[in-house]
1. For the list (1) closer than 29 Å to residue 226 by Cβ; (2) crowded, with 22+ Cβ neighbours inside 10 Å; (3) of a type outside the set (A, V, I, L, M), I need the number of the one condition that residue 37 fails.
2. So in region 279-317, with the set limited to residues that are among the small types (Gly, Ala, Ser) and surrounded by fewer than 18 Cβ atoms within 10 Å (Cβ to Cβ), which one is modelled with the highest pLDDT?
3. Kindly evaluate residue 569 against the criterion of being at pLDDT below 75, among the β-branched types (Val, Ile, Thr), closer than 22 Å to residue 493 by Cα and in the same structural domain as residue 473 (by TED's automatic domain parsing).
4. Residues that are under 18 Å from residue 88 (Cβ atoms), among the β-branched types (Val, Ile, Thr) and in contact (Cβ under 8 Å) with a residue 60 or more places away in the chain: does region 310-320 have at least one?
5. For region 318-359, which residues satisfy the criterion of being of a type in the set (D, E, K, R) and buried (at least 16 other Cβ atoms within 10 Å of the Cβ)?
6. Does residue 202 satisfy being surrounded by 15 or more Cβ atoms within 10 Å (Cβ to Cβ), assigned to a helix (DSSP H, G or I) and at pLDDT below 80?
Amino acid sequence: MNTVFLVLLLVAAVVAANALYTRFSIVPVAFLQIGAGLILSLFPIYKHFELEPEVFLLVIISVLMFNDGQKTSLRRLTHEFGTTFSLSVELAIVSILIIGFLTHLVLPSLSLALAFALGAIITPTDPVAVSSITNKVMVPTEVMSTLENESLFNDASGIVAMNLAIGAAVTGQFSVWNGIGNFLFVFFGGIIVGAILGSIIVRGRIFLINSSVDTPSVIVPYTLLTPFVVYLIAEALGVSGILAVVVTGLIHGVQQDRLRLTSSKLQIVMSSTWSIIASILNGIVFILLGLSLPRVIISLHRRGTGSILLLVAIGVLLYLVMTLLRYLWTKLDFAKIRAWDKHDKNSNSVVIALSGVHGTITLAMAFSLPLTLDGNAFTFRTDIIFIASVVIITSLLIPTLVLPLMLPKQVSKVSEKDLTVAKDKMVNNAFQTIKSIHGNEPGILEVINILDGQRTVDGHVNRSKLSDIFSKCFELEEESINQSLDKEEISSLDAQLFMRVAQSTNLRYQQNGFQRWRLFFKFKVGTRFSPSKKSRQFRKQLRQFKPRSGTSREEMIKRNRQMWSNMQTIEKKPYSIVSNYLMKNPDNYDTKEISIVSRAYDERHRRLSGSSGESIIEAQNELLIKAFQYEYNFIQAQVASKKYNSELGNELYEQISTDQLVYMQSINEA
């Protein structure tokens, strides 16, 4: 139970860091997550917290690699296979060897096998970390595509190499040819096993979908379990579980593309689920880095301040060496990236070098190091984790400072302001069209309320305006009831009963606490302690509805039904007057306030009139579908007249399509 609580706190820290990033996006989210981890490290409950190394490989790395695989275009990967293989396998092996020998030379106390393990850990790049530092600059498309493809397989190369190095450290023996042979067996064996298992699992998923068992409650868990099953089977067979998971993810991605339109609802749920899971897992790893750093530094400090400075220097040196290797590798055309001239070629090489950002996988691999080595405590585990942490932080910090100076600033073709204004115009146009064509049809206010939710979310409500609208609506109802009373269309008792209902509407939906209490004392307490002549007469008339001795239950039910039947009849006229007033958007009130008041009166009307039957709901659904079509027509006209560019039009089309799908889904589940 304690472990569950600690993990939940980690998730909460990820959420807090992500929320903070929405306000301070100038700082990469990874740094905010590391900061959140540092704060958690102050809590005594995390003093001895440590997840098992196997948990990182199975629960975190395998899931992240599967998700990266299914998001990757197999066609693009095949087209760029030569460049991808060169960077992710050939450069990875060269980097591991050079880093290993260099580390052993600088830090002789670290065995050559463990130095190679360190090289394997810090070699993999992280596309998520790259995205977090390049989201404000324009990285060339070919370069970004190369980085994403590289990260798929250099992660696997690093993990396979790390396992071989750890094995050599345990046995004390290492043969170059045996190592190469083992590497090839584990590497390509993982690809083959992943292809076989991926095909079988995908066929199973297609069978479920074709059998109409395509509900998210079945398919989503089925897919979420896939990376765990594939990883465990591949590892049991002695091949790379990570590569098997990557290939299975690629096959899943191809199948999802083919089913994109046949199961749209499922695709939306699946995409959202994986996006959330990947975000949380990536965040947890950086939280753990911040959480572990103080403990690691304290442990190193006990050995002397000099050791900390030495390890920091080694981490920075290794990062610079890897960056230089990446630059030379592409500059000398060992990995070819399309460029129009020498300037482009050099620029691409520099960007590739600086974008070799290390993140989640590097850190997860460092944490996955065994706690013991050959039955003894793994004394250099802390050193390796600290060096890996320095490499990660350095690789995040330098590109964050340098790339914005090299690359043009990212300019969104659709600004948030333009999108907000366009949404408002789109929704307002739909409002006006519905009012002019379907103004007298049932359910129109509810449709308007639903459409209003398409606007950009703004939680601020002007409470003063809201109170004014409620007060005006109450005055309109009171005026309508007094007119009916003067014409003797209703009785004094029914009039006062209805005004009690109108007062309750005001009390229930007021957003201002002061207004709510003021109305409560005015309508409830004030009339009780200083009742007027009319109020005393009303209470006297109201007693006829209270149970009396000798009055049968059936008779009381009949009286109450008659009373509410009268309310239903009386309410039609004031409701119509209020609806017309609200639909005219009086005094340029913000639509948020109008929407709240409209919803309040619409709900009361349905409750009193009993108009929640299927016929009313069907009419509302048909009207809403027409409203969506009006929005489509509006956007089409705006794009055709060049008032909106195609990117803005596509954003709006996407919102309408999603809103329509979500609404139709809610109808089917109702």
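1. Going through (1) closer than 29 Å to residue 226 by Cβ; (2) crowded, with 22+ Cβ neighbours inside 10 Å; (3) of a type outside the set (A, V, I, L, M) one by one, residue 37 breaks only (1).
2. First pass over region 279-317, keeping only residues among the small types (Gly, Ala, Ser): 279, 283, 290, 292, 299, 304, 306-307, 313, 315.
So of that shortlist, the ones also surrounded by fewer than 18 Cβ atoms within 10 Å (Cβ to Cβ) come out as 279, 299, 304, 306-307, 313.
Numbers: 279: 86, 299: 77, 304: 62, 306: 60, 307: 78, 313: 93.
Once the filter is applied, the top-ranked residue is 313.
3. Numbers: at pLDDT below 75: no; among the β-branched types (Val, Ile, Thr): yes; closer than 22 Å to residue 493 by Cα: yes; in the same structural domain as residue 473 (by TED's automatic domain parsing): yes.
Considered against the rule, which asks whether it is at pLDDT below 75, among the β-branched types (Val, Ile, Thr), closer than 22 Å to residue 493 by Cα and in the same structural domain as residue 473 (by TED's automatic domain parsing), residue 569 comes out as no.
4. Just the residues of region 310-320 that are under 18 Å from residue 88 (Cβ atoms), to begin with: none.
Among the residues of region 310-320, not one is under 18 Å from residue 88 (Cβ atoms), among the β-branched types (Val, Ile, Thr) and in contact (Cβ under 8 Å) with a residue 60 or more places away in the chain, which makes the answer no.
5. First pass over region 318-359, keeping only residues of a type in the set (D, E, K, R): 326, 331, 333, 336, 338, 341-342, 344-345.
Once the filter is applied, which keeps residues that are of a type in the set (D, E, K, R) and buried (at least 16 other Cβ atoms within 10 Å of the Cβ), region 318-359 yields 326, 331, 345.
6. no
Each row is one residue, and each column tells you yes or no for (1) surrounded by 12 or more Cβ atoms within 10 Å (Cβ to Cβ); (2) at pLDDT 60 or above.
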position	(1), (2)
539	yes, no
547	no, no
550	no, no
553	no, yes
556	yes, yes
576	yes, yes
579	yes, yes
582	yes, yes
595	yes, yes
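One line per residue, one yes/no per condition, for (1) at pLDDT 80 or above; (2) of a type in the set (Val, Ile, Thr); (3) surrounded by fewer than 14 Cβ atoms within 10 Å (Cβ to Cβ); (4) closer than 19 Å to residue 582 by Cα:
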position	(1), (2), (3), (4)
468	yes, no, no, yes
484	yes, no, no, no
490	yes, yes, no, no
512	no, no, no, no
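The values are calculated or read from the model by the stated rules, or taken from the named source; none is laboratory data. All figures in this text were calculated on a predicted structure; none of them were measured in a lab. With ideal geometry, Cβ positions are generated from the backbone for all residues, glycine too; neighbour counts draw on all protein chains shown.
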